[in-house]
Amino acid sequence: MSNLKKLVVNTDAGFEALAASWRLLETQVPQLLPFQTYDWNHAWWKVFSDSSWYHKDELAICTLHDNGQLVAVMPLTNTHVGLHSLFIYRYVRPFGADPNLTEIRAPLALPAYDETILQQWEDLSRQETFGLTEFQVIHTKLHAEQFLASNAAVHPLQAREIPNFILHLDDSWPCFKSRLKRNIKESLRRCYNSLTRDNLQLGLQVWQGAEAIKPRLSDFYALHAARAGATNTVEHPDYFAPPQHRAFMAALLDSDFANRMHLFCLELNGRVVAMRLGFDMGEELYLYYSGYDLQFARYSVMTTLLAEIIQWSYTQEFKRINLSVGEDVSKTRWGPSVTHYVEYQCVKNNAWRKNLGNSILKMRKLRRKWSEKKSD
């Protein structure tokens, strides 16, 4: 860190000028997440950024260069609520303030600079002179806690833990399978035996890239919507019902990120009954959203599809499969390791901002409870 330079990029031209150095950094960071890539963030800003007379999103991309090389980048959006020049409330938070499309919003950094890039939150908080700004700090639990303990200008109001589950693909599929717990072994046996019993021929199709995925995306949306309508399993919303969310997927498929995208299709007697999106992140396959035909739920087709994806991943020499975030039995029963991320809602560390911030959080909770009761 002999010649470390901090720079905050706040123009579209500056954002696009980062493309080459950002993509180079992606190749140097271990366990890269899809949400850290330039293409994901560029598509997100293009689709989700908002600007009106009372609500305006501005770029605030924090970068670190060491001897001229980009070593860390933290894409933030600076959202003013109220008149732009006389705002009364402001959010400064990582890109990805969407309904769970962007699952982990940690900065991209070489390991030696993970804590250094977080220190820019302190720099941003010191620039605040009036109004209330809510800062959203997100990172692995260890790095976030270390930052807050050593940077007194930012005060955390509340925290939300984000567990991320990862399968390590050592040895081979038979060895991996032999180490599974008895319940998942028995579940797999029933899955495959039930298909044989009913004369259903299993097949796995893997489609990669924009040309292959685009014609099948409507089928994926339909199966995802069907999965959202299931009532006898873990509840999930239909994340791709809003047109804006589909526009975001279209933007990804029109970018270089499309080369990372895989659509896994489980077929029974030639009929597609389950689908799941996955992203090739180098050594790691990140598994994203899925859907299935409820008529075939009795065959546990999503469990079968995951088993087939794991076997396929061995043939592709992936070292890890990221099962994404959220703790439920569909992930934990495979015996994954866990990376703990945390999201802190923070304000500048002074008495009136802390009191006002806490009051706003209480109002949000009350409004959420009222909305839930109204929907019931």
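The values are calculated or read from the model by the stated rules, or taken from the named source; none is laboratory data. Since this is a predicted model, take the numbers as computed values, not measurements. Counting neighbours? That spans all protein chains shown, and the Cβs are built from the backbone with ideal geometry, glycine included. Protein only, heavy atoms only, side chains kept; ligands, DNA and RNA dropped before computing areas. Shrake-Rupley method; radii C 1.70, N 1.55, O 1.52, S 1.80 Å.
If the condition is being within 21 Å of residue 296 (Cβ to Cβ) and surrounded by fewer than 15 Cβ atoms within 10 Å (Cβ to Cβ), then segment 230-256 contributes 230, 231, 232, 233, 234, 235. The single condition among (1) without any contact (Cβ under 8 Å) to a residue 24 or more places away in the chain; (2) open to solvent by less than 70 Å² (accessible area, probe 1.4 Å); (3) in a helix (DSSP H, G or I) that residue 57 does not satisfy is (3). Whether a residue is among the aliphatic types (A, V, I, L, M), modelled with pLDDT under 95, more than 25 Å from residue 330 (Cα to Cα) and in a helix (DSSP H, G or I) was assessed, and residue 157 does not pass this test.
Scanning segment 227-243 for residues that are touching a Phe, Trp or Tyr at 6+ places or on another chain (Cβ under 7 Å) and over 13 Å from residue 276 (Cα atoms) gives 239, 240. When the residues of segment 160-186 are filtered to those that are under 21 Å from residue 329 (Cα atoms) and of a type in the set (Asp, Glu), the one that is least open to solvent (accessible area, probe 1.4 Å) is 186. Can you report the number of residues in segment 261-318 which are out of contact with any helix residue (DSSP H, G or I) (no Cβ under 8 Å at 6 or more places or on another chain), among the aliphatic types (A, V, I, L, M) and either modelled with pLDDT under 95 or more than 15 Å from residue 330 (Cα to Cα) (or both)? The qualifying residues number 1. Could you tell me whether segment 66-84 includes any residue that is charged (D, E, K, R), closer than 29 Å to residue 340 by Cα, part of a strand (DSSP E or B) and modelled with pLDDT under 95? No: zero hits.
If I go through segment 312-343 residue by residue, how many of them are closer than 24 Å to residue 136 by Cα and hydroxyl-bearing (Ser, Thr, Tyr)? Going through segment 312-343 one residue at a time, the tally reaches 3.
Residue 189 meets all of the listed conditions (1) open to solvent by less than 30 Å² (accessible area, probe 1.4 Å); (2) farther than 30 Å from residue 340 by Cβ but one, namely (1). Within segment 60-89, being open to solvent by less than 30 Å² (accessible area, probe 1.4 Å) and under 30 Å from residue 240 (Cβ atoms) holds for 60, 61, 73, 74, 75, 76, 77, 78, 79, 80.
Each residue in segment 1-25 was checked for being in contact with a His (Cβ under 6 Å, 6 or more places away or on another chain) and of a type in the set (Gly, Ala, Ser), and 0 pass. For the residues 319, 348, 331, 354, the requirement of being of a type in the set (Lys, Arg) and under 17 Å from residue 279 (Cα atoms) singles out 319.
Within segment 90-104, restricting attention to residues that are open to solvent by less than 30 Å² (accessible area, probe 1.4 Å), in a loop (DSSP other than H, G, I, E, B) and not small (Gly, Ala, Ser), the residue that is nearest to residue 10 (Cα to Cα) is 95. When segment 114-139 is filtered for residues that are open to solvent by less than 30 Å² (accessible area, probe 1.4 Å) and hydroxyl-bearing (Ser, Thr, Tyr), the ones remaining, listed by number, are 116, 125, 133. If you go through segment 185-201 and keep only what is in a helix (DSSP H, G or I) and of a type outside the set (Val, Ile, Thr), you end up with 185, 186, 187, 188, 189, 190, 191, 192, 193, 194, 195, 197.
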